[in-house]
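See structure below.
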Amino acid sequence: MRALIWQLRPHGLEHGLANAFQHYGDMLGLKVTVDINGLIDLSNEVEECLWRVGQEALNNCKKHAGVSEVDMAIHVQKHYVHMKIHDEGCGFSKTDGHPFSLGLNSMKERVASLNGDIHIKSAAEEGTTIDVIIPLKKGEDNGVNVLIVDDHHVVRRGLVFFLNTQKEINVVGEASNGKEAVERVKELQPDVVLMDLVMPVMDGVEATKKIKELSPHTKILILTSFSDVDHVIPAIRAGASGYQLKDVEPDQLVQVIISVYRGENQLHPKVTTHLMTHVSKGGDRKEQLIEVLTKREKEVLAEIAKGKSNKEIAAALMITEKTVKTHVSNILAKLNLADRTQAALYAVKHLRL
């Protein structure tokens with residue numbers, strides 16, 4: 001029945017999403033500001049998904065947030081559409097048992113049905129922000145979307161020029177330092193970030209930490225001239241999925257980017273040697289390994305220890321099931337664990353649950 005309801009074409013979209021949201025806001029007594037750019041013809045299913053999610057969000061703002069104004073932004077890029085909804089209302093700390101928890105779950109289901117992602121950030125008395133990312137071509141492989149980060153203009157432009165000649169790669173943006181990279185990830189949601197390490201303003205390690213917190217599904221591939229342990233270990237601990245040196249062959253770099261995108265860890269041979277030496281000299285490092293995890297990964301690990309499924313974890317942490325799966329994969333890889341059972345035992349021992 002739900003599937004049938006979802007397929008019904010909503011009224012009011014013939015004049016576009018912006019007018020529809022503003023009109024719906026008027027009906028609710030809300031002033032809705034909508035910023036739209038890069039607009040192209042969206043498929044009916046994508047447009048309807050954005051409409052239903054936005055409609056539910058506005059209902060929640062009216063019923064629960066205690067606000068009179070809501071800001072919305074819809075940005076259409078080449079391969080995806082990003083909708084952000086923000087209010088300055090009372091916010092909430094969790095949805096379990098909350099009167100609009102079912103509405104949030106409905107949003108997640110709609111977005112997931114189009115292979116999209118939804119992130120809900122809220123805190124008591126601090127308002128709520130909802131970010132929705134939906135691919136524009138469902139089920140079609142459009143290549144790997146890559147953001148290039150390097151403070152040397154010549155190096156950055158050379159990478160852009162070369163990678164743009166590869167049919168498997170889409171260069172979606174550039175950044176000249178870590179701070180810019182974090183902002184560009186918020187805007188572009190790339191699949192892979194090609195990250196230099198030594199940069200002004202914010203280095204690659206710090207940027208990697210912030211990006212993994214912000215966008216767990218985004219893979220970080222370090223591309224640098226440094227292979228010593230003082231650079232390698234912090235980068236891996238920060239959440240990098242790969243580490244390559246700038247002497248890598250161009251064709252090999254393309255394959256490494258694709259492999260990292262698919263979830264494989266890709267390390268340069270020199271880097272592997274340093275890691276093995278570091279581990280062999282480190283003795284029992286299980287206690288230290290916990291620090292490799294991001295704050296969100298530790299939260300997911302704690303939920304695993306409670307015996308929860310991915311679906312239950314997603315509901316508890318207000319993230320999508322797809323994002324939970326990404327976190328679980330990262331946790332197992334970083335802690336060198338084989339399965340969830342080992343992860344649960346590790347959590348009980350090292351998270352002091």
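The requirement of being modelled with pLDDT under 85, part of a strand (DSSP E or B) and either over 24 Å from V185 (Cα atoms) or out of contact with any Gly (no Cβ under 9 Å at 6 or more places or on another chain) (or both) is fulfilled nowhere in region 44-62; no residue meets it.
Being free of Cβ contacts under 8 Å to residues at least 40 places away in the same chain and under 18 Å from the mean Cα position of the chain (by Cα) is the requirement here; does I319 meet it? If you could, list the steps in order and put the result at the bottom.
Details: free of Cβ contacts under 8 Å to residues at least 40 places away in the same chain: no; under 18 Å from the mean Cα position of the chain (by Cα): yes.
So I319 does not fit the description; no.
Have a look at A235, A240 and point out the one that is touching a strand residue (DSSP E or B) at 6+ places or on another chain (Cβ under 7 Å) and assigned to a helix (DSSP H, G or I). Being touching a strand residue (DSSP E or B) at 6+ places or on another chain (Cβ under 7 Å) and assigned to a helix (DSSP H, G or I) holds for just one of A235, A240, which is A235. Residues of region 63-80 that are within 27 Å of the chain's Cα centre (by Cα) and assigned to a loop (DSSP other than H, G, I, E, B): Q77, K78, H79. Considering every residue within region 31-41, establish whether at least one is more than 21 Å from the chain's Cα centre (by Cα), at pLDDT 85 or above and either part of a helix (DSSP H, G or I) or of a type in the set (D, E) (or both). Yes, because at least one residue in region 31-41 is more than 21 Å from the chain's Cα centre (by Cα), at pLDDT 85 or above and either part of a helix (DSSP H, G or I) or of a type in the set (D, E) (or both).
Does region 215-224 contain any residue that is within 24 Å of T272 (Cβ to Cβ) and in a helix (DSSP H, G or I)? Even if it seems obvious, please write down each step before you answer.
Residues of region 215-224 that are within 24 Å of T272 (Cβ to Cβ), as a first pass: 218-224.
Within this subset, residues satisfying the condition of being in a helix (DSSP H, G or I) are none.
So far as region 215-224 goes, no, none of its residues is within 24 Å of T272 (Cβ to Cβ) and in a helix (DSSP H, G or I).
Matching residues to (1) at pLDDT 85 or above; (2) under 30 Å from D247 (Cα atoms); (3) not aliphatic (A, V, I, L, M):
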{"residue": "M107", "(1), (2), (3)": "yes, no, no"}
{"residue": "I118", "(1), (2), (3)": "yes, no, no"}
{"residue": "A124", "(1), (2), (3)": "no, no, no"}
{"residue": "T129", "(1), (2), (3)": "yes, no, yes"}
{"residue": "L147", "(1), (2), (3)": "yes, yes, no"}
{"residue": "N170", "(1), (2), (3)": "yes, yes, yes"}
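The values are calculated or read from the model by the stated rules, or taken from the named source; none is laboratory data. None of the values given here were measured: they were computed from a predicted structure. We place every Cβ from the backbone using ideal geometry, glycine too, and count neighbours over all the protein chains shown.
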